[in-house]
Amino acid sequence: MTAGQADALQRLWPKWGLDIDGRHVDLVELFGNDRPVVMEIGFGMGEATAQMAAADPGTNILAVDVHTPGQGNLLNLADRDGLTNLRVGNGDAIILLREMLDPDSLDGLRVYFPDPWPKKRHHKRRLIQPEFLSLAATRLKPGALVHCATDWEPYAEQMLEVLTAHPEFENTQADGGFAPRPEFRPLTRFEGQGLDKGHVVNDLLFRRVQHG
Ligand SMILES: C[S@@+](CC[C@H](N)C(=O)[O-])C[C@H]1O[C@@H](n2cnc3c(N)ncnc32)[C@H](O)[C@@H]1O
């Protein structure tokens, strides 16, 4: 961690940080308003997250990662750009979803370039799995957008398969396939590294279904 990142954590955590400790979170209290809240899981160094928060001040972004230098970096960017619509969570996004958030509380979920776990024996560690989607569905409002992206094609296929099969989600794409990268998603750091290696990037845009 750089000195700047450590300093940002110390200065800004009390203002914009959220400890993922299992305690209930009131999102209106956390952000100080009742604007829509989109959660991002695994923001890495946070450059893309800061850009999205700046471009869409009417949306609150709850960005979560376990990576402390990245948290410091994102807090620094938020401070520099005055991003009052951003909060940074430290810990496991699953705990936040399962134990801390109310049902139907999120307007969207973003998972950009989650760890690909390429080895077969590690596939079970991948985030986008049916159980995860069932949990996420309970926390998302009907109609909420789930946006995933990956540069690892076998994982992209897995994402498409499990999202398509899940009864709580429907593809926004009429052909049932991958989506073009939406304008609001900037290139991410991890994506840049993948592109340098010649990887193909796929985006997936699904909605939580509206019942009745
Ligand atoms: C491959 S990196 C991608 C980072 C960033 N989205 C990008 O595209 O540059 C994946 C990130 O997900 C984070 N991560 C993995 N599992 C997580 C979890 N359960 N909760 C929160 N963050 C997680 C990792 O710490 C890592 O920073």
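Can you work out which of the residues in region 119-161 that are aliphatic (A, V, I, L, M) and closer than 25 Å to Lys197 by Cβ is surrounded by the most Cβ atoms within 10 Å (Cβ to Cβ)? Explain how you work it out, then say what you get.
Filtering region 119-161 down to residues aliphatic (A, V, I, L, M) leaves 127-128, 133, 135-137, 140, 144-146, 149, 156, 159-160.
From what's left, closer than 25 Å to Lys197 by Cβ: 127-128, 149, 156, 159-160.
On the way: Leu127: 18, Ile128: 22, Ala149: 24, Ala156: 21, Met159: 27, Leu160: 20.
Per the criteria, the residue is Met159.
Scan region 66-86 residue by residue and report those that are assigned to a helix (DSSP H, G or I) and open to solvent by 10 Å² or more (accessible area, probe 1.4 Å).
Thr68, Pro69, Asn73, Asn76, Leu77, Asp79, Arg80, Asp81
How many residues, within region 29-47, are at positive phi and buried (at least 16 other Cβ atoms within 10 Å of the Cβ)? Lay out the reasoning, then the answer.
At the first step, the residues of region 29-47 found to be at positive phi are 32, 42, 44, 46.
Subset that is buried (at least 16 other Cβ atoms within 10 Å of the Cβ): 42, 44, 46.
Selection size over region 29-47: 3.
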Q) Failed condition for Thr68, given (1) near the ligand (Cβ under 10 Å from one of its atoms); (2) under 23 Å from Leu133 (Cβ atoms); (3) not acidic (Asp, Glu), with all others met? A) (2)
Q.
Looking only at region 193-206, filter to residues that are surrounded by 15 or more Cβ atoms within 10 Å (Cβ to Cβ) and closer than 20 Å to Glu47 by Cα; which one of those is farthest from the chain's Cα centre (by Cα)?
A. Gly194
Q: Enumerate the pairs (first residue in region 178-192 and open to solvent by 60 Å² or more (accessible area, probe 1.4 Å); second residue anywhere and of a type in the set (A, V, I, L, M) and near the ligand (Cβ under 9 Å from one of its atoms)) with beta-carbon separation below 8 Å, excluding pairs fewer than 6 apart on the same chain, so at least 6 apart or on different chains.
A: Arg181/Ala149; Leu187/Ala48; Arg189/Met45; Arg189/Ala48
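The values are calculated or read from the model by the stated rules, or taken from the named source; none is laboratory data. Here the structure is a predicted model, which is why all the values come from computation and not from measurement. Virtual Cβ from ideal backbone geometry, glycine too; neighbours counted across all protein chains shown. Heads up: the accessible areas ignore ligands, DNA and RNA and are worked out on the full protein's heavy atoms, side chains in. Shrake-Rupley method; radii C 1.70, N 1.55, O 1.52, S 1.80 Å.
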